[in-house]
Amino acid sequence: MNNLAVLNIDAVIFQHIKKKLIKIEKSSFAEPWTENMLADEANNLISCLWGLCLQPEMLVGYLCCWLLTDEIQLMKIAISHEYRRQGYGKYLLTKLLEYSLSENIKSIWLEVRESNMAARSLYRSCGFKDVGNRPGYYNNPKENAILMTFYNV
C-alpha cells in the first residue's frame, strides 16, 4: 500500500476531482448520489469526505461520513471497479478507525445492503458487528439494510 494518500475533499478539491468521484459513485451504487449531493457533502460542516489517491490526483476511492459529537455515521465507501478486492477499501476504512480513536469517537454506525456480502465481510474484518436491520430500507431493488457498528473501547 505504498504511495497511498488520503485526501480531505473540500469544495475546491471537489471541483478538480468531481468527474472521477462521480464515475466511482455511479459504478458503485444502485441509487447513486448526484453531483450536487456530493458537492453538498464537500461543503457540509459535519461531513467528512475523503479521497484515496494512488498518486497525486489519481483517485481510486472515497468515503463519506458524518461526524456527530462522539460518533460517526459512515454514509458511503466506494472503490473504483478496477481497484476492488486489492485492499484499498480496507485501507480507507482502517484510516477512519484510526481517526475515530484519535478523536475519542465512541462508535461508528453504518447501513449495508443485506445482499452485499463483500462489504459486510470487509466491515466485520475491521471489527464491526451486526446490531440490527432496517426492513425495506433500500430501493432499486427493494432490500433490507443490516445495521452495523464499531465500538471504540
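The values are calculated or read from the model by the stated rules, or taken from the named source; none is laboratory data. The structure presented is a predicted model; accordingly, all values stated were derived computationally and were not measured. Glycine also receives a Cβ, built like all others from the backbone with ideal geometry; neighbour counts cover every protein chain displayed.
In table form, for the structure just shown:
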quantity	calculated
Some residue of segment 119-139 being aliphatic (A, V, I, L, M) and assigned to a helix (DSSP H, G or I)	yes
Segment 77-90 residues that are in contact (Cβ under 8 Å) with a residue 24 or more places away in the chain and closer than 14 Å to Leu59 by Cβ, paired with ones that are surrounded by fewer than 22 Cβ atoms within 10 Å (Cβ to Cβ) and small (Gly, Ala, Ser) (beta carbon under 7 Å, 6 or more apart)	Ala78/Ser28; His81/Ser27
Candidate set: segment 120-153, residues that are in contact (Cβ under 8 Å) with a residue 12 or more places away in the chain and among the small types (Gly, Ala, Ser); chosen: the one surrounded by the most Cβ atoms within 10 Å (Cβ to Cβ)	Ala145
Hey, Leu110 at pLDDT 95 or above and either over 27 Å from Ile22 (Cβ atoms) or touching a Gly at 6+ places or on another chain (Cβ under 7 Å) (or both) or not	no
Failed item in (1) buried (at least 17 other Cβ atoms within 10 Å of the Cβ); (2) among the small types (Gly, Ala, Ser); (3) in contact with a strand residue (DSSP E or B) (Cβ under 8 Å, 6 or more places away or on another chain); (4) more than 15 Å from Leu92 (Cα to Cα), with Ala39 passing the rest	(3)
Matching residues in segment 91-112 - criterion: being of a type in the set (Ser, Thr, Tyr), assigned to a strand (DSSP E or B) and buried (at least 18 other Cβ atoms within 10 Å of the Cβ)	none
Residue match in segment 133-151 (condition: closer than 30 Å to Asn3 by Cα, of a type outside the set (Asp, Glu) and out of contact with any strand residue (DSSP E or B) (no Cβ under 7 Å at 6 or more places or on another chain))	no
Residue in segment 54-65 that is in a strand (DSSP E or B), among the aromatic types (Phe, Trp, Tyr) and touching a residue at least 24 places away in the same chain (Cβ under 8 Å) present	yes
For Ala42: the one exception among (1) in contact (Cβ under 8 Å) with a residue 40 or more places away in the chain; (2) more than 18 Å from Val112 (Cβ to Cβ); (3) under 15 Å from the mean Cα position of the chain (by Cα)	(1)
Residue tally, condition crowded, with 17+ Cβ neighbours inside 10 Å and of a type in the set (S, T, N, Q), over segment 22-36	1
